[in-house]
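Every read-out reported here was derived from the displayed coordinates using simple, explicitly stated rules and does not represent laboratory data. Please read all numbers here as calculations on a predicted model, not as lab measurements. Here Cβ is always computed from backbone atoms with ideal geometry, including for glycine, and neighbour counts include all displayed protein chains.
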Amino acid sequence: MIYGPLSEREEEVARKIVDAAYTIHRILGPGLLEKVYEVCFCHELSKRELSYQRQVDVTIVYDGISFDEGLRLDVLVEGLVICELKAMDTINPVWEAQLLSQLKLTGKRLGFLINFNVPLIKDGIKRIIL
C-alpha cells in the first residue's frame with residue numbers, strides 16, 4: 001500500500017509530542033518508572049492543548065471475529081498518533097514491531113516509541129510512519 005505525506009495536523013501533533021518528551025526528560029531525567037513518565041507526558045500534552053487517551057484497549061478483528069483483549073495503546077494523542085512509552089536500559093527491537101502492528105490494526109499512520117531511560121532523549125525517540 002502506498003501512503004501519501006502526513007497531514008499538517010499530524011505533523012503539528014508530532015512536534016508537540018516531541019517537545020513534551022524533551023521537557024519531561026530535561027526536568028526528570030532517566031531512571032524513573034514508566035508509569036511516572038506516562039502521567040507527566042499526558043500532563044505535558046494537556047499543557048500543549050492536545051487531547052489524549054491513556055491505556056486504550058483496542059478491539060482486534062481476526063478471521064471475522066472481534067477480540068476485546070490483547071492490544072492496549074499506552075497513549076493515543078488527538079485520535080491520530082500512538083505513543084508507546086518505555087523506561088528501559090536498552091531498546092528491544094520487538095517494540096518497533098509492536099508499534100508498527102498497532103498502527104496497522106488501528107488504521108493510524110504515525111507513532112512514536114519513546115524511551116525515557118536514556119542519557120539524551122533524542123536517542124530515545126523513534127518516529128514510525130506508515
Subset of the stretch 41-69 (residues that are within 30 Å of residue 29 (Cβ to Cβ), without any contact (Cβ under 8 Å) to a residue 12 or more places away in the chain and not in a helix (DSSP H, G or I)): 49
Every residue from the stretch 39-65 that is out of contact with any strand residue (DSSP E or B) (no Cβ under 7 Å at 6 or more places or on another chain), over 21 Å from residue 7 (Cβ atoms) and surrounded by fewer than 16 Cβ atoms within 10 Å (Cβ to Cβ): 39, 43, 46, 47, 61, 62, 63, 64, 65
The stretch 52-90, residues that are in contact with a helix residue (DSSP H, G or I) (Cβ under 6 Å, 6 or more places away or on another chain) and at positive phi: 78
Matching strands (runs of 3 or more DSSP E) fully within the stretch 81-130 where at least 1 residues are surrounded by 19 or more Cβ atoms within 10 Å (Cβ to Cβ), free of Cβ contacts under 8 Å to residues at least 60 places away in the same chain and among the acidic types (Asp, Glu): 81-86
Among (1) free of Cβ contacts under 8 Å to residues at least 60 places away in the same chain; (2) assigned to a helix (DSSP H, G or I); (3) buried (at least 16 other Cβ atoms within 10 Å of the Cβ) - the single one residue 10 does not satisfy: (1)
Residue satisfying condition, being more than 9 Å from the chain's Cα centre (by Cα) and under 20 Å from residue 54 (Cβ atoms), within set 111, 79: 79
Number of the exception - residue 21 against (1) crowded, with 16+ Cβ neighbours inside 10 Å; (2) over 14 Å from the mean Cα position of the chain (by Cα); (3) of a type in the set (Gly, Ala, Ser): (2)
Given (1) over 24 Å from residue 123 (Cα atoms); (2) under 14 Å from the mean Cα position of the chain (by Cα); (3) touching a residue at least 24 places away in the same chain (Cβ under 8 Å), index of the condition residue 72 fails: (3)
